[in-house]
Structure formats: structure tokens, C-alpha cells
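First comes the structure, then the notes that go with it.
The values are calculated or read from the model by the stated rules, or taken from the named source; none is laboratory data. Computed from a predicted model, the values in this text were never measured in an experiment. Quick reminder, even Gly has a Cβ in these numbers, built from the backbone with ideal geometry, and neighbours come from all protein chains shown. For accessibility, only protein heavy atoms count, side chains too; no ligands or nucleic acids. Shrake-Rupley method; radii C 1.70, N 1.55, O 1.52, S 1.80 Å.
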Amino acid sequence: MRRAKILATGMYVPDDVVTNDLLAQVMDTSDEWITQRSGIKERRVIPDTYRMLTQLAAAPDKEAYLQTLYDTGIDGRIGAQMSTADLAFNATQIALRQANMKPQDLDLIIQTSVMSDYVFPGSACVLADKLGLTSTPTFSLNQGCAGFVYALSMADQYIKTGMYDTVLVLGAEVLSSLFEYSDRGRDMSVLFADGAGAAIVVPAEDDEPSGLLSHHLHTDGTLLDKLYADSFGSSTFPPAAKARIDTDRARPRMAGRAVFAQAVRRFREVIRECLEANKMQLDEVDHFLFHQANQRIIDAIADSLGIPSEKAYTNIRKYGNTSAASVPILLHETLQEGRIQRGDLCLLAAFGTGFNWGASLLYW
Ligand code: UT7
């Protein structure tokens with residue numbers, strides 16, 4: 001049977017950097033709290049969010065500023081300058097350049113995001129338009145922070161069956177437009193941020209070491225209410241009420257401690273499952289590429305399984321939690337820094353809303 005491999009990767013994060021100190025100017029938080037609880041020092045956001053945060057920091061009455069913002073937008077403008085598909089496009093360009101390909105060489109695009117450009121269609125359609133593609137099939141997944149592992153597993157199946165040869169897999173997020181930058185929203189808004197990562201998946205040659213080995217995916221819907229955003233879905237009725245949702249309902253909700261505990265448990269389970277399925281030992285893995293949700297979650301997994309820190313590189317300090325984008329951003333950055341060599345064994349694992357979680361094992 002054909003095997004698939006990742007041929008090229010790309011990433012994009014917006015230029016604007018939001019430090020913990022800037023957040024402390026707009027809400028009751030501190031660099032110390034954010035750093036100790038999550039390991040995050042700064043994150044990247046779209047220009048719209050950055051402009052909002054700097055205006056909010058300077059506003060004498062922050063509640064009044066937020067109310068005006070929700071009613072009229074930034075400087076009277078409703079609508080973002082940069083969306084999920086824009087970030088995905090920029091990451092795609094880098095991956096395409098690395099692969100020496102053009103958009104027309106792609107047989108399929110699988111994009112995964114929590115935050116789509118629109119309610120419908122999915123951001124993959126918006127991206128296809130930006131890439132100038134008029135008949136290449138696309139689909140959009142919403143599997144939360146675990147999305148990239150899910151999407152990668154699907155690309156693998158399409159290549160194994162021979163249906164497609166070149167699949168673009170993307171995790172892209174503009175999460176900063178979802179959260180409220182206030183005392184009410186501080187539990188989540190300090191953690192999440194914007195970014196995109198891309199991978200181009202192609203068939204591996206028979207004699208080369210590179211290739212995807214297996215994927216292990218899970219969902220536990222019973223814990224859905226521990227991390228979710230319900231305000232603009234079909235559960236909201238009548239439709240007109242969506243425009244008048246009070247701010248408390250409009251914000252996503254998270255039971256941080258419950259998510260933390262589940263994440264550590266599920267990461268450990270799925271790592272073991274993945275290794276057992278391949279009859280491999282933990283110390284055979286050269287690199288663990290974990291979803292960047294919280295440095296403490298990664299440390300807890302590494303400590304309990306005995307993974308040395310140099311095998312579990314992290315970049316959450318710089319980018320925060322970029323949800324579906326975090327694993328491909330980490331993969332691209334780790335590769336760019338020359339840490340991964342041809343033939344190295346890599347284990348990718350992610351966990352998030354749903355709860356959805358999964359792992360992929362591959363030889364680079
Ligand atoms: O991709 C998966 C997505 N989600 C996650 O991975 C989240 C997993 N959970 C976590 O990362 C952690 O639970 C958090 C970082 C969210 C919170 O850390 P924690 O150690 O579990 O803190 P906590 O929720 O127990 O809250 C401690 C206190 C509370 O105050 P009181 O009730 O003790 O007075 C919060 O109100 O910290 C308060 N708090 C904050 N204080 C300053 C919550 N958010 C903030 C904030 N700044 N931004």
C-alpha cells in the first residue's frame with residue numbers, strides 16, 4: 001500500500017505582538033499570573049485586535065469603550081482586515097514555495113479551524129478563492145485544537161487509497177476576535193491567539209524512510225460543556241436573538257482545571273496507544289510535538305512519562321494557544337531550526353474542545 005509523507009511545511013503569525021503587560025493594562029491580570037499559570041509571555045494577533053487593545057489600554061472608561069466597540073466597530077468599521085483564510089493563505093504560500101509547487105498542483109485542501117471566516121461556507125472555500133482555485137476540492141473541519149491531527153489522518157487516507165497525490169493540510173485560527181479582553185473574559189483571552197500552519201502531504205517513495213505511520217483519534221462529547229462557545233450556533237433560537245446575545249453568553253466558556261486534568265490524562269493515554277499500535281517504546285521517539293495549550297500541561301505529561309525536555313520543544317511562550325494552528329506552527333518552526341533530521345521519529349499529539357484528541361506517528 002502507498003505511504004504518505006509530509007513534503008513541506010509553512011507557518012504564518014501576524015506581525016503585532018501582544019505582551020502580558022499590554023493585557024494587564026486592559027484587564028485585571030499580570031505578567032506573573034499568565035507566565036506562572038501558562039508559560040505564555042506574548043502572542044500574535046491580527047491588526048484589528050492589536051488596534052483594539054491599544055485603544056482599550058488608553059481608554060479612561062474601558063467598559064464604555066467596549067460597548068461602543070460592539071455597537072460601532074473600530075473607528076466606525078465593522079469587519080476584520082485579516083481573517084482565518086488570510087492567515088491560512090500566508091502559511092500556504094510558504095509551504096508551496098518550499099515544495100516548489102503552485103496552488104494548481106494541489107489535489108485537495110483540508111483546512112481546520114475553530115474560527116471560520118463565515119458561518120458558511122468553510123474557510124477552505126475562502127482560501128481556494130484566494131489561491132485562484134476554481135475546482136480543487138476542499139473541506140473544512142472543526143475539531144478544535146485537535147484539528148490538525150484529524151486533518152493529517154484524512155490526508156494520509158486519501159494518499160494511501162490513491163485517490164489524491166498532493167493534499168494541503170492547514171490549521172488556521174483568528175481566535176483573538178472571539179474573546180473578550182476584560183476582567184470577565186480574562187480566563188480565556190490571555191491564553192488564545194492567532195496563527196496558521198500548513199503541511200503538504202504527498203506519497204513517499206518506497207525506499208525512503210519518511211512516512212506517516214498511524215493516527216489515533218478520539219472524541220468524548222460528554223465533557224463538551226467544559227470548553228465551548230454556543231452563541232452563534234443552531235442552538236440559539238430565534239435567529240434574531242443572535243444579534244442581541246448578552247456579552248456573558250457571547251463569550252466562549254472554559255472550566256480551566258477540568259480541561260487541564262483531561263488534557264494530561266488523554267495525552268498520556270493516546271501517546272501509549274500510538275506507541276503500542278506501532279510496537280515501539282517511548283525512548284525511540286526523537287521529537288514530541290504537542291499542542292501548545294499550556295507549558296504546565298506539557299511539563300506534566302513529560303514528567304509523568306519521563307520525556308526529556310529537549311525532545312518536547314515548545315513555543316507557547318511566543319505564540320500562546322493557537323488552537324488548530326499550534327501543532328503545524330510548532331512542526332514548521334522545529335524544522336526551520338534544524339532540530340528534526342531526515343528519518344527522525346516524531347509523535348504529534350493534540351487535545352481540545354469536544355473533547356477531541358489524537359496523535360500521529362511519523363518518520364520525518
Ligand atoms: O487547547 C485546550 C484549551 N484549554 C486549555 O488548555 C486550558 C487548560 N487549563 C489551564 O491552562 C489552566 O487551568 C488555566 C491557565 C486556564 C488556569 O490556571 P489554574 O491554575 O487552573 O487557575 P484557576 O482556574 O484555578 O484560577 C485561579 C484564579 C481564580 O481566582 P480565585 O477564584 O482563586 O480568586 C481566577 O479567577 O485565577 C483567576 N484568574 C486570573 N487571574 C489573573 C483567571 N484568569 C486570570 C487571569 N489573570 N487572566
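Here are a few things to note about the model shown:
- Residue within the range 30-39 that is in contact with a strand residue (DSSP E or B) (Cβ under 9 Å, 6 or more places away or on another chain), open to solvent by less than 30 Å² (accessible area, probe 1.4 Å) and within 16 Å of the ligand (Cβ to nearest atom) present: yes
- The range 173-191 - residue that is within 30 Å of L7 (Cβ to Cβ) and within 15 Å of the ligand (Cβ to nearest atom) and, of those, surrounded by the fewest Cβ atoms within 10 Å (Cβ to Cβ): L175
- Strands (runs of 3 or more DSSP E) fully within the range 4-82 that include at least 1 residues being farther than 30 Å from D105 by Cα: 16-19, 42-45.
- Some residue of the range 254-265 being within 16 Å of the ligand (Cβ to nearest atom), open to solvent by less than 10 Å² (accessible area, probe 1.4 Å) and either of a type in the set (D, E) or closer than 22 Å to Y150 by Cβ (or both): yes
- Condition met for S210 (farther than 26 Å from M188 by Cα, away from the ligand (no atom under 16 Å from the Cβ) and open to solvent by less than 70 Å² (accessible area, probe 1.4 Å)): yes
- Residue check, V167 more than 30 Å from R296 (Cβ to Cβ), surrounded by 21 or more Cβ atoms within 10 Å (Cβ to Cβ) and touching an Asp or Glu at 6+ places or on another chain (Cβ under 7 Å): yes
- For the range 1-19, filtering for residues that are farther than 24 Å from I340 by Cα and under 20 Å from the mean Cα position of the chain (by Cα) leaves 6.
Residue-by-condition table, conditions (1) more than 16 Å from the ligand (Cβ to nearest atom); (2) in contact with a Leu (Cβ under 9 Å, 6 or more places away or on another chain); (3) outside any loop (DSSP other than H, G, I, E, B):
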site: A85; (1), (2), (3): yes, yes, yes
site: A88; (1), (2), (3): yes, yes, yes
site: L96; (1), (2), (3): yes, yes, yes
site: I109; (1), (2), (3): yes, yes, yes
site: S116; (1), (2), (3): yes, no, no
site: D129; (1), (2), (3): yes, no, yes
site: S135; (1), (2), (3): yes, no, no
site: F148; (1), (2), (3): no, yes, yes
site: D156; (1), (2), (3): yes, yes, yes
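- Top-ranked residue of the range 137-146 - restricted to ones that are away from the ligand (no atom under 16 Å from the Cβ) and surrounded by 20 or more Cβ atoms within 10 Å (Cβ to Cβ), ranked as nearest to A349 (Cα to Cα): S140
- Entry remark, the range 104-138: residues being under 17 Å from A324 (Cα atoms) and touching an Asp or Glu at 6+ places or on another chain (Cβ under 8 Å) number 4 in total.
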